[in-house]
Amino acid sequence: MIPTDDPLTHLLVDPRPASPRLADNLWVRLVDVPAALAARRYATDVDVVLHVRDARLPGNEGGWRVRADAFGEARASRTDDPADLSLDVRDLGAAYLGGVTLASLGAAGFVTEHAPGALASTSAAFAWPVAPVCSWVF
C-alpha cells in the first residue's frame with residue numbers, strides 16, 4: 001500500500017511484476033466547505049468561485065470564492081458572484097487531496113464550467129506534487 005507515484009516503483013529492476021492495484025482506503029467528506037478550502041494549499045495561484053451543492057449539509061450549499069497564491073495561505077468566503085464552476089460536495093471531496101483532478105471529473109460530467117478556462121486553471125490549482133495515500137485499512 002504505497003502512493004501511485006511512490007519512487008520505490010522506479011527503483012525496481014523490472015516494475016511489471018509489481019502489479020500496481022488501486023484500493024479505496026481514503027475518502028473525504030467536507031463538512032465545513034469554507035474551512036476546508038481555506039485550510040489546504042494550492043499548487044498554482046487561484047481565484048475562483050465554486051458553486052457547491054450539498055443535500056445533507058445546507059450550510060455548505062452556495063457560492064464560495066477561493067483565493068490563494070501558489071502554496072500560500074488560502075481564503076474562502078461566501079459570495080453571490082456568478083460561479084466559475086459548479087459541483088457537488090462529493091466531487092469537491094474527491095478532488096480535495098489532489099489525487100483526482102477536477103478536469104477528469106468535469107470530463108465525466110460531474111463539474112460544470114461556467115467561465116471559459118476555469119476548469120483547467122482550478123484543476124491545476126487543486127493538483128498536488130505527490131499522490132495522496134492512506135496505508136491504514138479501517
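The values are calculated or read from the model by the stated rules, or taken from the named source; none is laboratory data. Note that the structure is a prediction, hence the values are computed from the model and not measured. Note that each Cβ is placed from the backbone with ideal geometry, even for glycine, and that neighbours are counted across all protein chains shown. Keep in mind that these areas ignore ligands, DNA and RNA; they rest on the heavy atoms of the full protein, side chains included. Shrake-Rupley method; radii C 1.70, N 1.55, O 1.52, S 1.80 Å.
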Exercise. Here are some residues: Ala131, Ala94, Ala108. Which one is modelled with pLDDT of 95 or more and aliphatic (A, V, I, L, M)?
Worked result: Ala108
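Let's see how each residue does on (1) touching a Ser or Thr at 6+ places or on another chain (Cβ under 8 Å); (2) in contact (Cβ under 8 Å) with a residue 12 or more places away in the chain:
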{"site": "Asp5", "(1), (2)": "no, yes"}
{"site": "His10", "(1), (2)": "no, no"}
{"site": "Val46", "(1), (2)": "yes, yes"}
{"site": "Ala95", "(1), (2)": "yes, yes"}
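I'd like the residue in region 74-96 that is closer than 18 Å to Ser123 by Cα and open to solvent by 70 Å² or more (accessible area, probe 1.4 Å) and, out of all such residues, is farthest from the chain's Cα centre (by Cα).
Taking region 74-96 first, the residues closer than 18 Å to Ser123 by Cα are 74-76, 83-96.
Next, from what is left, pick out any that are open to solvent by 70 Å² or more (accessible area, probe 1.4 Å): 75, 90.
Values: Arg75: 16, Arg90: 10 Å.
Only one residue fits best here, namely Arg75.
Restricting region 109-120 to residues that are of a type in the set (A, V, I, L, M, F, W, C), touching a helix residue (DSSP H, G or I) at 6+ places or on another chain (Cβ under 9 Å) and outside any helix (DSSP H, G or I), which is surrounded by the most Cβ atoms within 10 Å (Cβ to Cβ)? Steps first, please.
Kept after step one, since they are of a type in the set (A, V, I, L, M, F, W, C), are these residues of region 109-120: 110-111, 115, 118-120.
With the extra rule that they be touching a helix residue (DSSP H, G or I) at 6+ places or on another chain (Cβ under 9 Å), the set shrinks to 110-111, 119-120.
Pick out the ones that are also outside any helix (DSSP H, G or I) and you get 110-111.
Numbers: Phe110: 18, Val111: 25.
Among residues in region 109-120 that are of a type in the set (A, V, I, L, M, F, W, C), touching a helix residue (DSSP H, G or I) at 6+ places or on another chain (Cβ under 9 Å) and outside any helix (DSSP H, G or I), the one surrounded by the most Cβ atoms within 10 Å (Cβ to Cβ) is Val111.
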Problem set entry | Search result, residues across region 1-45 that are aliphatic (A, V, I, L, M), surrounded by 13 or more Cβ atoms within 10 Å (Cβ to Cβ) and more than 17 Å from the chain's Cα centre (by Cα) | Ile2
Exercise. Within region 103-131, can you find the residues that are in contact with a Leu (Cβ under 7 Å, 6 or more places away or on another chain), closer than 14 Å to Ala43 by Cα and not aromatic (Phe, Trp, Tyr)?
Worked result: Thr122, Ser123
Exercise. Are there any helices (runs of 4 or more DSSP H) wholly within region 1-102 with 3 or more residues that are in contact with a Leu (Cβ under 9 Å, 6 or more places away or on another chain), and if so which?
Worked result: 33-39, 89-96
